[in-house]
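A quick write-up on the structure given underneath.
The values are calculated or read from the model by the stated rules, or taken from the named source; none is laboratory data. Note that the coordinates shown come from a computational prediction; the quantities given were computed from them, not determined experimentally. Neighbour counts run over all protein chains shown; Cβ positions are idealised from the backbone, glycine included. With ligands, DNA and RNA removed, areas are computed over all heavy atoms of the protein, side chains included. Shrake-Rupley method; radii C 1.70, N 1.55, O 1.52, S 1.80 Å.
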Protein chains: 2
Amino acid sequence: MDILILGAAGMVGRKLAEALLDTGRLGEGEIARLTLFDVVPSDLQSRGAVAVETRAGDIADPATVQALVAQRPDVIFHLAAIVSGEAEADFDKGYRINLDGTRLLFEAIRAQPDYRPRVVYTSSIAVFGAPFAEPITDDFVPAPMTSYGTQKLIGELLLNDYTRRGIFDGIGIRLPTIVVRPGKPNKAASGFFSGIIREPLAGVEAVLPVEDDVRHWVASPAAATGFLLHAATMDLAPLGARRCLTMPGLSISVAEMIAALREVAGDDVAALIRREPDATIRGIVAGWPRDFAPDRALAAGFTADASFQDIIRAHIRDTAAGG
Amino acid sequence: MDILILGAAGMVGRKLAEALLDTGRLGEGEIARLTLFDVVPSDLQSRGAVAVETRAGDIADPATVQALVAQRPDVIFHLAAIVSGEAEADFDKGYRINLDGTRLLFEAIRAQPDYRPRVVYTSSIAVFGAPFAEPITDDFVPAPMTSYGTQKLIGELLLNDYTRRGIFDGIGIRLPTIVVRPGKPNKAASGFFSGIIREPLAGVEAVLPVEDDVRHWVASPAAATGFLLHAATMDLAPLGARRCLTMPGLSISVAEMIAALREVAGDDVAALIRREPDATIRGIVAGWPRDFAPDRALAAGFTADASFQDIIRAHIRDTAAGG
């Protein structure tokens, strides 16, 4: 098998690449080539029978995308995106990468004769906007409140149409907010959801800018990798024409997160969370969805994390392993 | 006021232009210039105080669109589109005109400093796909089953986002199927809805390719013009961030249409309808929506035709007037 990951240098893209290299397989297939594309080169190396090819470039450059697709990968994971905050701050960049880049990819596939790869597209719960139902079902109207959510939803619509026309076999998966993100704190408004777990576990104080009763929809990095692998191998025909699914997650409050941290790591660790309300972040988070009923994804075999305690334990294991 | 109509040579665009020329006004404003743009030049002439400028060109050509917007019209009616059947038959053309053309228009507006026009965008009930609720409410998920519907829905999402960002003050109106279309029969699968009224009234036999119990969502050309004029002048702030509305129409069966024709024009006219079932057309029409509950549009002051009898009588008047 020949596999292409667009956005391979991001956190989820890298976890996915590592999972593929760990097994050398995707479903029933043995992987011969894994091409890793992003704006910066990946440092992952060939392993076992899997030849890793690293490419760096601009997904909004037609020749770049055409060259990637000319290898005719069997499966294309499309995770490349400008994230929410940056797409809001830089209108042109967001549309160029998130919309034009996606469309260029789809068009490059269409230009290849007798070629119909599996395309796994990462969308986001940002396609939904307030006022929300609780829970948000698969029948809830997507109405994005950001340019990022708009761009992701347009990608979903294109994916559905290109799939319907037989150009590729596509599936879009709307990822929950990923917690616990490894690495340094970032400036994303959602960063504290990871920070209040990651920093105390590392013996560092973490700031909690919202009330304890704030609730959100989260999944672990490992669950996200599992979604991607399942999406790449499952039979898509039962999905019919609507190929984009909200992924399962945990609807959990900050209080429940902290209780889980206390249970797993003790009172001293949980005591490293300092409450410092931030009206701006509270305002942003108030516009985020809190709970979903992802029935279609569950019926299609996608599975959420078992518990937030498990998410914390997995993060501890990954950190110990240097991941 | 300075007004621009894109798609001015189409049936609805022409009716709109005529309505503006008839009164010389749009809401409270006196119209000084009316620019009519389409792939073919309009033959409408300046009237009273309204200077008509006619332009012919390609809406997917950036320089063409930039030149139109450089006049900084106060209101832009965007009706230019490749219709459903053609967008399905010609993938590139549909995306080029319906998606790229719309985006070029929105980008040309964004490029003008200190400019925030009213943009009225015609969308379509083709943004909805089976299986349908009955009636289809404003909370029903759009899931287009054609490239045309996909392109129209992407335009809606762009309009919402550009409006939210303050680039223009936009509204999208999803038009019902327009009945009675004047002129010659066309090859659209929906053509018979007009044909079974128009041809018998002209003393010509009409073919009915579907069963009498087929039901669809229709509005008259005059109602469509009314929607556009109201959309151009109403206060849009109460709509909030969701600027695209399903327009009111009549949910009517073929049997009810024929009964109305008999009531208005007599048995001899209605007898000119010949039943000749066509499995292909029946299949296509089976995938179309039958009934809507357009509550948001009704609350916003849009009004449907009073009855199908009124639609027939208006068509008779228009035909007698040479319209």
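Summary of computed values
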| item | result |
| --- | --- |
| Hits in the stretch A:138-172 (condition: within 16 Å of the chain's Cα centre (by Cα) and of a type in the set (A, V, I, L, M, F, W, C)) | A:Leu153, A:Ile171 |
| Selected residue (criterion: surrounded by the fewest Cβ atoms within 10 Å (Cβ to Cβ)) from residues of the stretch B:182-201 that are in contact (Cβ under 8 Å) with a residue 40 or more places away in the chain and farther than 22 Å from B:Tyr148 by Cα | B:Gly183 |
| Single residue of A:Gly149, A:Gly172, A:Gly155 found to be crowded, with 24+ Cβ neighbours inside 10 Å, touching a Cys at 6+ places or on another chain (Cβ under 8 Å) and at pLDDT 95 or above | A:Gly172 |
| Every residue from the stretch B:104-124 that is assigned to a helix (DSSP H, G or I) and open to solvent by 40 Å² or more (accessible area, probe 1.4 Å) | B:Leu104, B:Glu107, B:Arg110, B:Ala111 |
| The stretch B:151-165, subset closer than 13 Å to A:Pro142 by Cβ and of a type outside the set (A, V, I, L, M, F, W, C), residue nearest to the other protein chains (Cβ to nearest Cβ) | B:Asp161 |
| Residue identified as away from every other protein chain (no Cβ under 14 Å) and modelled with pLDDT under 95 among A:Glu86, A:Glu18, A:Glu30 | A:Glu86 |
| Close pairs (8 angstrom Cβ cut-off, 6 or more residues apart or separate chains): more than 17 Å from B:Ala241 (Cα to Cα) and at the interface with chain B (Cβ under 8 Å from one of its Cβ atoms) in the stretch A:133-149, in a loop (DSSP other than H, G, I, E, B) and of a type in the set (Val, Ile, Thr) anywhere | A:Asp139/B:Val141 |
| Of the criteria (1) open to solvent by 50 Å² or more (accessible area, probe 1.4 Å); (2) at pLDDT 95 or above; (3) part of a helix (DSSP H, G or I); (4) within 16 Å of A:Gly203 (Cα to Cα), which one A:Ile258 fails | (1) |
| Residue that is farthest from the other protein chains (Cβ to nearest Cβ) [pool: residues in the stretch A:117-131 that are over 19 Å from A:Leu298 (Cβ atoms) and out of contact with any Lys or Arg (no Cβ under 7 Å at 6 or more places or on another chain)] | A:Arg118 |
| The listed residue being at negative phi, without any contact (Cβ under 8 Å) to a residue 60 or more places away in the chain and either in contact with a helix residue (DSSP H, G or I) (Cβ under 9 Å, 6 or more places away or on another chain) or hydrophobic (A, V, I, L, M, F, W, C) (or both), out of A:Val204, A:Val218, A:Val264, A:Val285 | A:Val264 |
| Qualifying residue in the stretch B:214-224 (condition: surrounded by 14 or more Cβ atoms within 10 Å (Cβ to Cβ), hydrophobic (A, V, I, L, M, F, W, C), at pLDDT below 95 and under 25 Å from B:Lys15 (Cβ atoms)) | no |
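So that you can scan it fast, the table gives a plain yes or no per residue for (1) assigned to a strand (DSSP E or B); (2) not polar (S, T, N, Q):
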site: A:Thr35; (1), (2): yes, no
site: A:Glu53; (1), (2): yes, yes
site: A:Ile59; (1), (2): no, yes
site: A:Leu68; (1), (2): no, yes
site: A:Arg72; (1), (2): no, yes
site: A:Ile76; (1), (2): yes, yes
site: A:Ala80; (1), (2): no, yes
site: A:Glu88; (1), (2): no, yes
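Yes/no per residue for (1) open to solvent by 10 Å² or more (accessible area, probe 1.4 Å); (2) under 21 Å from the mean Cα position of the chain (by Cα):
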| position | (1), (2) |
| --- | --- |
| A:Leu20 | no, yes |
| A:Val40 | yes, yes |
| A:Ser46 | yes, no |
| A:Val50 | no, no |
| A:Ala56 | yes, yes |
| A:Ala60 | yes, yes |
| A:Ala63 | yes, no |
| A:Ala70 | yes, no |
| A:Leu79 | yes, yes |
